[in-house]
Amino acid sequence: MKVIVTCGHPESGYHVIHEALVAAGLARAQPSYREAISPTALQERLLRARDSSPAKGLTANSGLSPKVWHDLATDLFNGNSTGKDWGWADARTTWLLEFWKSFDPAIRFVLVYSAPELTIAKMLQAMDATPDNVSHAVTSWMTHNTELLRFYNRNRELCTLVNARTVMHAPAQFVDKVVATTGARLT
């Protein structure tokens, strides 16, 4: 059983990439067994408990009550122990890559990026294009993608780095790449 976690900037299109994996047979993550917590809710709790900022790394043992978080993550994995490859997609995973890697070194990551002009344009559709908003959008893109590249460069064997736009044009090739790099049973 493989666990594949997909993340990227909130406006990168990471969720569309995850849907391509689901269409190829990746099971959606089910809530944890005892607590009935989804992966995204668990991650929200982790980040809130840590009062995390993008500059702070997070491992399974850093600044948190390790037993509590380990038990909650274990419960999540037990809730998904059907023998089928499974995973989830969440932009917040970007700030928890080290946590998940230290929790289970067998987890594989799909790190999604998109061109800055596409991501920033998408962000600016929801707000006025003032200098401050443009600066915020650029900083947001840079911060997320810097963290993705940092993790990727230190953990290439665990990651598939993909351009969202490329995957949207060739989803079958993307799935083949994920199968080759993760060993997942997808078609």
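For Asn78 and Gln125, the FRET efficiency from 1/(1 + (r/R0)^6), where r spans their Cβ atoms and R0 equals 35 Å, is about 0.30.
Each of Asn155 and Arg45 was given a label point 7 Å from its Cα along the Cα-to-Cβ line. The distance between the two points is 2.1 nm. Cross-link reach is defined here as a Cα-Cα straight distance under 14 Å, omitting same-chain residues fewer than 8 places apart; for Lys177 the aspartates and glutamates meeting it are Glu157. Once you reduce the stretch 73-87 and the stretch 136-181 to the center of their Cα atoms, the two points are 23 Å from each other. Put a dot 7 Å past each Cα toward the Cβ at Arg165 and Val22; how far apart are the dots in nm? Placing both labels 7 Å beyond Cα along the Cβ direction yields 2.5 nm.
Throughout, read-outs are computed from the coordinates displayed, never taken from laboratory work. Note that the structure is a prediction, hence the values are computed from the model and not measured. Here the Cβ is made from the backbone with ideal geometry for all residues, glycine too, and neighbour counts use every protein chain on show.
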